[in-house]
Every structure is written in structure tokens, then in C-alpha cells.
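Just below is one structure, and these are the notes that go with it.
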Amino acid sequence: MYGLARERKWPNDRPPLGYEKNDDGTLCVDETEKELVRLIFDLYIQERSMPQVSFLLNRRGKTTKRGDSWCRQSVGKVLRNELYIGHYQIADFQATVEEYQILPDAVFDEATAIRFRFKHAQTGMDSSRKQSKAERIINEYRAHQNGDLS
């Protein structure tokens, strides 16, 4: 794998959306699929929702590389793929391959920032609310154990 990666070759028969595999194993940009990749990023930046992007793609009759309908996970896979900014990583090998770049870094970075917009937000229950809820559940349990079902 490392040897293939050093030569910028793709390790399997299925390159990501936006690419075709050359006879020598390297990738080349597929112009039609490239436009679909750009559309996905543009829609995501606009809509800020993977399920909404998949809905819009399906409504427009767009399919995945395999010809399937789009879903949240397939949109997410595209949005996470750093190959679109030329970052080639296979096994322990990493390189920037300019001819693999489909998107400007700024577009990829903006979509990534949107994906991580809730990462540092408080996602759990407030501690005092959590304590209150735990106490209520314990009191209900004790009342049930003591036969006091009022």
C-alpha cells in the first residue's frame, strides 16, 4: 500500500466521486463528477444540512457514483474527503497532489466549519437539571419499593 501511495496510485478499483482511475493506477478528475462534487459542497454551505442536501440531490435526479440515491451518510462521506483539496493520504503516506484538487481550500474549510459548528456547544443536560432529574427518579423508585404508589 505504501509503495502504491508513493506513486500516487489509488489502492482499489473504486475511486471516490469526482475521479476515474487511469490504466497506470493514478487518478484523474472526471469533469462531470467534479461538477457534482462542487454542487454538493455549494448546497451544503447554503443549506447547512446533510439530509437536506441528499433530498435536493435526489429531487434533481442526481445519484451516487454507484447509481444509488443520496442519503445523509453519502453526503457526509463527500464532505469529509480531503482528496478534493488535493490532500492524498493512503496508509501512512501523505502528500499534496495538485492535479487531484477539485475544490478551493476555502470552500472545503467552510463546509468543515459548518459540520463542526456544534462540536464545542454544550450538548449535555445542565448539571443542576440532571441532578434534579436523578433525585426525582430515585425518589419514585424508593416510593415504589415502599409500596407508596401515590
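Every read-out reported here was derived from the displayed coordinates using simple, explicitly stated rules and does not represent laboratory data. Here the structure is a predicted model, which means the values were calculated and not measured. Using ideal geometry, Cβ is built from the backbone for each residue, glycine included, and neighbour counts are taken over all protein chains shown.
Couple of notes before you dig in:
- By the Cα gyration tensor, region 41-93 has an equivalent ellipsoid whose semi-axes, rounded to whole angstrom, run 23, 13, 9 from largest to smallest.
- With only the Cα atoms considered, region 50-130 has a convex hull volume of 164 Å³ per residue.
- Theoretical gain in end-to-end length, D24 to Q46 [0.36 nm per residue, Cα-Cα removed]: 4.1 nm
- Along each principal axis, taking the top coordinate minus the bottom one, the Cα set of region 1-87 gives 40, 22, 20 Å in descending order.
- Selection among A91, V29, S127 by position relative to the dipole of region 7-135 gives S127 as farthest towards the positive end (Cβ unit charges, Cα centre).
- Rounded tilt (10° steps) of 127-145 against the dominant C-alpha axis of the chain: 50 degrees
- Exceedance of the 32 Å cut-off in Cα-Cα distance is limited, within the set K77/K130; K77/K133; K62/K119; K9/K62, to K77/K130; K77/K133.
- As a size descriptor, the averaged projected area of the C-alpha convex hull of the chain was calculated at 14.8 nm².
- Sites R59 and E82 - FRET efficiency at Förster radius 30 Å, r taken between beta-carbons, to 0.05: 0.60
- Here each label is just a point 7 Å from Cα along the line to Cβ, and for A91 and E7 those points are 1.2 nm apart.
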